[in-house]
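Engineer: Structure in structure tokens, see below.
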Amino acid sequence: MTIQARIGEITERIVRRSHDGRSRYLDRLRAAAEKGRVRNRMGCANLAHGFAACGPADKSALMAGEVPNIGIVTAYNDMLSAHQPYEGYPERIRQAARERGAVAQVAGGVPAMCDGVTQGEAGMELSLFSRDVIAMGTAVALSHQMFDAALYLGICDKIVPGLVIGALSFGHLPGVFVPAGPMPSGISNDEKARVRQLYAEGKVGRAELLDSEARSYHAPGTCTFYGTANSNQMLMELMGLHIPGATFVNPNTPLRDALTVLAVERALAITASGNVFAPIGEILDERAFVNGVVGLHATGGSTNHTLHLVAMARAAGIALNWQDFADLSAVVPLVARVYPNGSADVNHFRAAGGLQFLIREFLAAGLLHRDVRTVWGTGLEGYTVAPTLGEDGRLAFAESPAESGADAVLRPASRPFQPTGGLAVLDGNLGRAVIKTSAVKPDRHVIEAPARVFHDQEELQRAFKAGELDGDMVAVVRFQGPKANGMPELHKLTPPLGVLQDRGYRVALVTDGRMSGASGKIPAAIHVTPEAAEGGPIARVRDGDRIRVDALAGTLEVLVDPAEWATRLPAEADLSTNGWGVGRDLFAGFRRSVGPADQGASAL
């Protein structure tokens, strides 16, 4: 089936808007590709430095100059459960490359923060900026120009977007993203959320809370809820940068290992000396980004990608904007219920048919661009197959089942959970914002209530614990934007606001900060721009002002007499403590130069 008309129109609109920037990007990419293998033209001392530490066979191969060399950019550390499995990947990749007549080298490492560790702590103020650091680190790793292709080892929140941005600065190189997979399922996400709320109410203690969290986050692998990390992995598959079906295979399994070896094979196949040259900058075109946004809406993915996808697209010369997200949301059905949009986790989603089922359904309905380039060497139809290991231990691919294995988790496009996507964009006299509606009950899609204004999440927490929040309200948490303090996630607001909603109050959140990709049942207008630190309208709100958050109409309004509103001066906040401690002093330049949320909140 051809692409659905409205999706086709939006794609063409993006192509037209991006024409000049994309043309300049592709001209640079093709000029770099035409130079061929740079290391063959290096000075002998330069090249000798590049292979000095290699073993004899790899050194001889690189001296001869004929074999492909794969650069590995790794975000390994053994504090992140998602990234710990990468520890042994370089040697596995090197061995697979040697067996295929090639060489592989670790080109460099990039930092990988765990937002789960830094939630509510000062370190979270470095989190969003770490994306740009990772992009720069990727460029540093590849700047040696020793490589014919690259493998990118990264999973979590800012890491994949940073790797993509860095990879696109070397867009003439083919690249394959190599996941490590989610940890096995622990306690249910509903149970985890229940204990968190009990703790927020003072009904259980720290020991009970820590036991619950440890039974949820309990093994190597990605956290199993559908937050930014797993949304990243969905995007890499929908955008053609994974081996088909690689996304949600558990770590440290024979199938996972076989898929990693296959990633090496594909990276070699798509080099300039392989069968089909596929530079990553050409794979990630306008259609690939539209497919990514469609996947985000269809699965109720992370709100963080209204920042990351915009920044990633810009790195490829593509002008993607929030209006594109909103217009695609209007025509893309929500077909997945994975926590926080439901009780299932990503292991249950995969067992129900996963991305292979979704891709086949959406291709048949014309909701995804079929004729895209991928690292698999096919259009997107090549991603309807799921990997398996045969009795002989060999990797094989089979069509996923025609029916969902769990109707409460994954549905066909013809019978969705709701007819529109999981994200909406709000506009009004408070600015622009994003809201995730897929996990919010329909009777909460419109909230009108008096404002309670806070300048950080700790202030709201104190008011909650003191019993001061005992009615309908719109919590306005401001001075949390990228220029103010790096735009931290405000995930610790979820339990107290959830408690208030469960008590029957009509509650919403409005903030120029971020919520976790796992933000759930509370209607939250986030990423408000212009931010308070730039004198945006959110800085003029006062306690008691009536605010209307309307996800149905797509509006965000303060209901104050226009004449009074026009004369109000913005509040100010003391931001001096954001400038030091836990490395924050090193990021002052980022805070000064960062762009607004609707342009990707990037300092690059």
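Engineer: Pull out all pairs, ordered by first then second residue, where Cβ-Cβ is under 9 Å, the residues are six or more apart or on different chains, the first lies in the range 297-320 and is on the phi > 0 side of the Ramachandran plot, and the second is aromatic (Phe, Trp, Tyr) and not in a helix (DSSP H, G or I).
Structural biologist: Close Cβ pairs (under 9 Å, with a partner that is aromatic (Phe, Trp, Tyr) and not in a helix (DSSP H, G or I)) amount to 300/226; 300/417.
Engineer: Given 26, 47, 62, which one is more than 23 Å from residue 257 (Cα to Cα), touching a Phe, Trp or Tyr at 6+ places or on another chain (Cβ under 7 Å), touching a residue at least 12 places away in the same chain (Cβ under 8 Å) and hydrophobic (A, V, I, L, M, F, W, C)?
Structural biologist: Residue meeting the stated conditions: 62.
Engineer: Can you name the residue in the range 463-475 that is free of Cβ contacts under 8 Å to residues at least 40 places away in the same chain and under 31 Å from the mean Cα position of the chain (by Cα) and, of all such residues, is surrounded by the most Cβ atoms within 10 Å (Cβ to Cβ)?
Structural biologist: Among those residues, the one meeting the criterion is 475.
Engineer: Got at least one residue in the range 314-337 being touching a Ser or Thr at 6+ places or on another chain (Cβ under 9 Å), closer than 14 Å to residue 161 by Cβ and assigned to a helix (DSSP H, G or I)?
Structural biologist: Checking the range 314-337: at least one residue is touching a Ser or Thr at 6+ places or on another chain (Cβ under 9 Å), closer than 14 Å to residue 161 by Cβ and assigned to a helix (DSSP H, G or I).
Engineer: Quick one: residue 219 ticks every box in (1) exposed (fewer than 15 other Cβ atoms within 10 Å of the Cβ); (2) touching a residue at least 60 places away in the same chain (Cβ under 8 Å) bar one, so which box is it?
Structural biologist: Of (1) exposed (fewer than 15 other Cβ atoms within 10 Å of the Cβ); (2) touching a residue at least 60 places away in the same chain (Cβ under 8 Å), only one is false for residue 219: (1).
Engineer: Moving to a separate point now. Output the number of residues of the range 176-194 satisfying the condition of being surrounded by fewer than 22 Cβ atoms within 10 Å (Cβ to Cβ) and touching a helix residue (DSSP H, G or I) at 6+ places or on another chain (Cβ under 6 Å).
Structural biologist: Count: 4.
Engineer: Let me spell it out: the conditions are (1) closer than 28 Å to residue 319 by Cα; (2) modelled with pLDDT of 95 or more, and residue 300 meets all of them except one. Which number is the exception?
Structural biologist: (2)
Engineer: Follow-up. Just to check your reading of the model, which residue among 10, 3, 14, 70 is touching a residue at least 24 places away in the same chain (Cβ under 8 Å), among the β-branched types (Val, Ile, Thr) and closer than 27 Å to residue 107 by Cα?
Structural biologist: 70
Engineer: Something else about it: Please note which helices (runs of 4 or more DSSP H) are completely contained in the range 438-548 and include at least 1 residues that are touching an Asp or Glu at 6+ places or on another chain (Cβ under 7 Å).
Structural biologist: Counting at least 1 such residues, we get 482-485, 494-502.
Engineer: Would you point out the residue of the range 300-311, among those that are part of a helix (DSSP H, G or I) and not small (Gly, Ala, Ser), that is nearest to residue 270 (Cα to Cα)?
Structural biologist: Filtering the range 300-311 for residues that are part of a helix (DSSP H, G or I) and not small (Gly, Ala, Ser), the one nearest to residue 270 (Cα to Cα) comes out as 309.
Engineer: Just to be sure, is residue 65 over 30 Å from residue 181 (Cα atoms), in contact with a helix residue (DSSP H, G or I) (Cβ under 8 Å, 6 or more places away or on another chain) and at pLDDT below 95?
Structural biologist: The answer is yes for residue 65.
Engineer: Go through the residues of the range 137-146 one by one and say whether even a single one is touching a Lys or Arg at 6+ places or on another chain (Cβ under 9 Å), assigned by TED's automatic domain parsing to the domain that holds residue 54 and either buried (at least 21 other Cβ atoms within 10 Å of the Cβ) or in a helix (DSSP H, G or I) (or both).
Structural biologist: Looking for residues that are touching a Lys or Arg at 6+ places or on another chain (Cβ under 9 Å), assigned by TED's automatic domain parsing to the domain that holds residue 54 and either buried (at least 21 other Cβ atoms within 10 Å of the Cβ) or in a helix (DSSP H, G or I) (or both), one finds at least one in the range 137-146, hence yes.
Engineer: Can you list residue pairs whose Cβ atoms sit under 8 Å apart, with the first residue in the range 573-586 being outside the structural domain of residue 534 (by TED's automatic domain parsing) and the second being modelled with pLDDT under 95 and surrounded by 12 or more Cβ atoms within 10 Å (Cβ to Cβ)? Count only pairs 6 or more apart in sequence or on different chains.
Structural biologist: Nothing qualifies.
Engineer: Same structure again: Within the range 549-585, track down each residue that is in contact with a strand residue (DSSP E or B) (Cβ under 6 Å, 6 or more places away or on another chain), farther than 30 Å from residue 127 by Cα and buried (at least 16 other Cβ atoms within 10 Å of the Cβ).
Structural biologist: 558
Engineer: What tally of residues in the range 229-253 results from selecting those that are among the polar types (S, T, N, Q) and either within 19 Å of residue 373 (Cβ to Cβ) or at pLDDT below 95 (or both)?
Structural biologist: 1
Engineer: When the residues of the range 1-38 are narrowed to those that are of a type in the set (Val, Ile, Thr) and either closer than 26 Å to residue 149 by Cβ or loosely packed, with under 12 Cβ neighbours inside 10 Å (or both), which ends up modelled with the highest pLDDT?
Structural biologist: Per the criteria, the residue is 38.
Engineer: Somewhere in the range 327-338, is a residue farther than 23 Å from residue 5 by Cβ, of a type outside the set (S, T, N, Q), surrounded by fewer than 22 Cβ atoms within 10 Å (Cβ to Cβ) and at pLDDT 95 or above?
Structural biologist: The answer is no, given that none of the residues of the range 327-338 is farther than 23 Å from residue 5 by Cβ, of a type outside the set (S, T, N, Q), surrounded by fewer than 22 Cβ atoms within 10 Å (Cβ to Cβ) and at pLDDT 95 or above.
Engineer: Any idea how many residues of the range 363-380 are in contact with a helix residue (DSSP H, G or I) (Cβ under 7 Å, 6 or more places away or on another chain) and either more than 24 Å from residue 264 (Cα to Cα) or not assigned by TED's automatic domain parsing to the domain that holds residue 242 (or both)?
Structural biologist: Residues that pass the stated criteria total 5.
Engineer: Another one. So, residue 77, is that one in the same structural domain as residue 130 (by TED's automatic domain parsing), polar (S, T, N, Q) and closer than 30 Å to residue 182 by Cα or not?
Structural biologist: Considered against the rule, which asks whether it is in the same structural domain as residue 130 (by TED's automatic domain parsing), polar (S, T, N, Q) and closer than 30 Å to residue 182 by Cα, residue 77 comes out as yes.
Engineer: Now for a different question. If you check residue 353 against the conditions, is it free of Cβ contacts under 8 Å to residues at least 60 places away in the same chain, in contact with a Pro (Cβ under 8 Å, 6 or more places away or on another chain) and crowded, with 23+ Cβ neighbours inside 10 Å?
Structural biologist: Judged against the criteria, residue 353 is a match.
Engineer: Let me ask something additional. Got at least one residue in the range 434-453 being over 17 Å from residue 549 (Cβ atoms) and either under 31 Å from the mean Cα position of the chain (by Cα) or assigned by TED's automatic domain parsing to the domain that holds residue 574 (or both)?
Structural biologist: No: zero hits.
Engineer: Another one. Would you mention how many residues in the range 569-604 are in a loop (DSSP other than H, G, I, E, B) and among the β-branched types (Val, Ile, Thr)?
Structural biologist: Looking only at that region, the number is 2.
Engineer: Considering each of 193, 200 in turn, give the residue that is outside the structural domain of residue 338 (by TED's automatic domain parsing), modelled with pLDDT under 90, of a type outside the set (Lys, Arg) and within 26 Å of residue 410 (Cα to Cα).
Structural biologist: Result of the check over 193, 200: 193.
Residues checked against (1) at pLDDT below 95; (2) aromatic (Phe, Trp, Tyr); (3) assigned by TED's automatic domain parsing to the domain that holds residue 304:
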position	(1), (2), (3)
494	yes, no, no
497	yes, no, no
505	no, yes, no
510	no, no, no
517	yes, no, no
522	yes, no, no
527	no, no, no
531	no, no, no
535	no, no, no
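The values are calculated or read from the model by the stated rules, or taken from the named source; none is laboratory data. These figures come from a predicted structure and were not determined experimentally. Virtual Cβ from ideal backbone geometry, glycine too; neighbours counted across all protein chains shown.
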